[in-house]
Amino acid sequence: MLEGYRDLFLQDAFKVGLISSSESRSDIGCLVWDETPDGVDVEVGADVIVPDSVRLSIACLKIDCRCAVVEREGCRLYLAFVR
């Protein structure tokens, strides 16, 4: 009985995004943890170096904008949207 209702409440918990910059030749894949009106929390690979100013693209959220890295904690970054 619960199986039919389960799909009503399940949503994608994470999104996949791409970070690009003029300093890097290739895009950097990232996992988007959380989105706010001002920015996003993302996670990148442990060996990835992300510059302070980047472009973030998240197709499913229709986001494609410049961002500034305002907080770093290991592999987790907070990217603030630059308007």
Normalised by the residues of the stretch 22-83, what does the relative contact order come to in percent, with Cα pairs under 8 Å and at least six apart? 29 percent
Roll a 1.4 Å probe over the protein heavy atoms and report the accessible area of F14 in Å², nearest 10. 100 Å²
Take K15, K62 and sort them by solvent-accessible surface of the protein heavy atoms, 1.4 Å probe, largest at the top. K62, K15
Summed side-chain charge close to K62 - residues other than K62 whose Cβ falls under 13 Å, Lys, Arg +1, Asp, Glu -1: -1
With every protein chain present, what accessible area does D47 have (1.4 Å probe, heavy atoms only), rounded to the nearest 10 Å²? 140 Å²
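The values are calculated or read from the model by the stated rules, or taken from the named source; none is laboratory data. Fair warning: this is a prediction, and the values are worked out from it, not measured in the lab. When we count neighbours, we look across all protein chains shown, and the Cβ atoms used for this are built from the backbone with ideal geometry, even at glycine. All accessible areas refer to the heavy atoms of the entire protein, side chains included, with ligands and DNA or RNA removed. Shrake-Rupley method; radii C 1.70, N 1.55, O 1.52, S 1.80 Å.
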